[in-house]
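Below is one structure, written out as structure tokens; the observations come after it.
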Amino acid sequence: MDEFPVSLSEVVCLGASFALSGICYYLYRKSRTTVDMLHDAPHFNIDGKLKDILKVTPGACLKYAVIEGSVQPLEEPLMSHYQKESVGVLQKFMLREHRRVWNGLSRTWTDSERVLHERVNIVPFGLVGPDETTVEVLCPLQASGVHMEMTHQKFHQATSSLGDLLGQYLSGEKLKGQLETEDMLKVGTILTGVGELVLDTDGTLSLRPPSNGADYILSITDFDTLLGEHKSTASWWKTLAIVFALAGAAVVLWVGRSYYNQLKVRWELERERRQFERLRDEGRRVEAAATGPDAPQDAAEERIENTCVICLTQQRDCILLDCGHVCCCYQCYQALPQPRCPICRQMINRVVPLYHM
């Protein structure tokens with residue numbers, strides 16, 4: 001671009017940095033909102049007083065509240081298939097396939113993973129307080145946070161014959177094996193729940209996803225640890241947003257510096273052109289005064305001899321310094337890609353006009 005020198009790579013870097021900065025800032029604001037809501041959310045013990053509090057609350061509903069209690073099933077609990085002594089209310093099976101894929105760009109093998117099978121079992125459960133007051137937990141699969149622990153993990157190594165290995169190298173994919181896991185929310189686990197606390201008309205207490213769009217959280221960690229994790233996440237997103245914004249600002253400064261340098265070159269060329277024209281006009285006046293009005297015109301062969309070696313049209317009218325060569329016209333000198341003499345390739349430090357006495 002002649003008017004504004006921005007390369008495609010600079011445009012891509014600028015757009016990517018500001019786009020990533022915007023995404024990180026959005027995630028930071030979202031995380032910061034969750035932190036603020038967690039900080040302001042009231043904490044309640046699961047006991048008989050909880051119903052009395054909700055009865056005097058408008059709509060018998062607390063939009064965002066924090067409770068902690070022991071997990072207890074409301075129906076027959078689930079049994080672990082691998083640890084017979086483990087019972088729970090949430091059970092998740094996953095079977096993942098692990099492969100190594102050849103990356104032609106980096107010339108290395110990279111790990112790849114895909115889910116072959118996934119199954120989730122659930123039974124209704126609640127959080128129970130010291131006095132056996134129960135708060136039923138609704139829609140637990142919609143909750144964020146770590147609320148299950150691994151009860152089984154086994155990796156089944158793939159066995160390959162010589163022909164299989166040859167085919168894998170030719171196809172660029174090598175099967176490593178399959179990972180089998182089981183996660184459970186066990187009965188008796190102390191669970192922290194953050195959501196909308198409601199007292200139903202039948203007197204049942206329940207915790208459900210907030211109707212105002214806030215995060216619904218179930219976590220096996222205590223509230224202070226949960227709050228610290230969300231603060232740390234918000235800080236990371238803020239840091240990334242600042243880093244990408246600074247990268248974008250650096251690209252803007254680089255482009256601005258390049259544009260300013262180009263303007264300086266243009267200003268220098270314009271100053272040099274005006275000085276050259278002034279000196280040329282002064283030389284012509286001196287030449288006209290010395291030769292008089294009746295001086296003979298240049299011969300045709302002399303014009304041909306003094307033709308510019310670049311355009312072969314205009315007359316040579318400038319001296320290139322410091323080498324002193326007279327070989328081109330001023331227009332061709334300005335069009336040189338680099339300020340070097342076409343004859344000797346020395347750097348051109350100054351140009352003065354040529355005139356004959």
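Values computed for the structure shown
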| read-out | value |
| --- | --- |
| Per-region count, the range 315-357, residues polar (S, T, N, Q) and in contact with a strand residue (DSSP E or B) (Cβ under 8 Å, 6 or more places away or on another chain) | 3 |
| Residue ranges of strands (runs of 3 or more DSSP E) in the range 120-216 with at least 2 members farther than 30 Å from R100 by Cβ and in contact (Cβ under 8 Å) with a residue 24 or more places away in the chain | 125-128, 134-137, 173-186, 190-199, 205-208 |
| Among (1) on the phi > 0 side of the Ramachandran plot; (2) surrounded by 11 or more Cβ atoms within 10 Å (Cβ to Cβ); (3) not assigned by TED's automatic domain parsing to the domain that holds V87, the one test that G203 misses | (2) |
| Residues satisfying the stated conditions in the range 224-257, i.e. among the aromatic types (F, W, Y) and touching a residue at least 24 places away in the same chain (Cβ under 8 Å) | W237, F244, W254 |
| Subset of the range 140-158 (residues that are over 31 Å from the mean Cα position of the chain (by Cα) and not hydroxyl-bearing (S, T, Y)) | P140, E149, M150, H152, Q153, K154, F155, H156, Q157, A158 |
| Residue in the range 70-77 that is under 30 Å from G177 (Cα atoms) and surrounded by fewer than 18 Cβ atoms within 10 Å (Cβ to Cβ) present | no |
| Flag if N45 is among the polar types (S, T, N, Q), surrounded by fewer than 17 Cβ atoms within 10 Å (Cβ to Cβ) and either touching an Asp or Glu at 6+ places or on another chain (Cβ under 6 Å) or closer than 30 Å to T201 by Cα (or both) | yes |
| Residues within the range 159-184 that are among the hydrophobic types (A, V, I, L, M, F, W, C) and either over 35 Å from the mean Cα position of the chain (by Cα) or not assigned by TED's automatic domain parsing to the domain that holds H98 (or both), tallied | 3 |
| From Q91, Q72, residue being assigned to a strand (DSSP E or B), closer than 19 Å to H152 by Cβ and either touching a Leu at 6+ places or on another chain (Cβ under 9 Å) or modelled with pLDDT of 90 or more (or both) | Q91 |
| Subset of the range 337-357 that is among the aliphatic types (A, V, I, L, M) and within 19 Å of N306 (Cα to Cα) - its residue that is surrounded by the fewest Cβ atoms within 10 Å (Cβ to Cβ) | M357 |
| Residues being within 48 Å of the chain's Cα centre (by Cα) and of a type in the set (V, I, T) - total across the range 329-356 | 1 |
| Residue list for the range 1-55, restricted to those being part of a loop (DSSP other than H, G, I, E, B) and at pLDDT 90 or above | A41, P42, I46 |
| Residue among V265, V252 that alone is β-branched (V, I, T), outside the structural domain of Q334 (by TED's automatic domain parsing), in a helix (DSSP H, G or I) and surrounded by 11 or more Cβ atoms within 10 Å (Cβ to Cβ) | V252 |
| Failed item, numbered, when E287 is tested on (1) modelled with pLDDT under 85; (2) out of contact with any His (no Cβ under 9 Å at 6 or more places or on another chain) | (2) |
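The values are calculated or read from the model by the stated rules, or taken from the named source; none is laboratory data. Please read all numbers here as calculations on a predicted model, not as lab measurements. Reconstructed Cβ throughout: ideal geometry from the backbone, glycine too, with neighbour counts over all protein chains shown.
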